[in-house]
Amino acid sequence: MSAELDELYQSIILDHNRRPKNFREMEDATAKADGVNPLCGDQLTVWLKMDGDQIADVSFRGQGCAISKASASMMTQVVKGKSRTDAEQLFTDVHALVTGKPTGADVGSLKALSGVSKFPLRVKCASLAWHAMHSALQGSAAPVSTEAEGPGSAS
Ligand code: ZN
């Protein structure tokens, strides 16, 4: 990747971090999921409003590092209006992208997240909101953790 692209991607991430999109609670959500990344201290909640098979609205709140927030912000932007199937496909594509195994799918501005594949600890920051969105789509009420913690583990 060229240095110019690196810089462009970095500015996209910083911009989303400064002015996150859809950063609000949703009163009339039909699904929600919490995500935590204990390694970094990122935690967020994703709300979805489904209209049949379509994501009519999506929002998030939380706190964490710039990567986790920017990734969540971008996630809400791209999955809004998508069908359940398309959103799940994006989840797969983005997960592959940040883990350094791009599927070759055109993910547009989400390419900005590809840089994190070089930093294993950051991969979890970038994928957190996506896991939460995925979990909300599945209708799972259990909080998502990037660490496989058993019930009752104290921290
Ligand atoms: Zn983080």
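Summary of computed values
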| read-out | value |
| --- | --- |
| Rel. contact order, % - alpha carbon contacts under 8 angstrom, at least six apart, the chain | 29 |
| Ranked SER109, SER59, SER117, criterion: other C-beta atoms within 10 Å, fewest first | SER109, SER117, SER59 |
| Among GLN10, THR103, MET50 - extreme Cα towards positive end, dipole of the chain, charges at beta-carbon | GLN10 |
| The chain - charge dipole about Cα centre, Lys and Arg +1 at Cβ, Asp and Glu -1, debye rounded to 20 | 220 |
| Eligible lysines near LYS118 by straight Cα distance, threshold 16 Å, same-chain separation 8 or greater | LYS101 |
| Residues ARG24, ARG19, ARG84, sorted so that the one with the fewest Cβ neighbours within 10 Å comes first | ARG19, ARG24, ARG84 |
| Residues of segment 112-139 with amide N under 19 Å of the 7 Å Cα→Cβ point at ASP6 | 112-123 |
| Residue-span extension gain [ASP15 to ASP86] - 0.36 nm each, minus C-alpha spacing | 23.0 nm |
| FRET E, pair PHE119, ARG61, Förster distance 30 Å, beta-carbon r, rounded to 0.05 | 0.75 |
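Laboratory data are not the source of any read-out in this text; all were calculated from the coordinates shown. Keep in mind the model is a prediction, meaning the values are calculated, not measured. All Cβ positions, glycine included, derive from the backbone under ideal geometry; neighbour counts span all protein chains shown.
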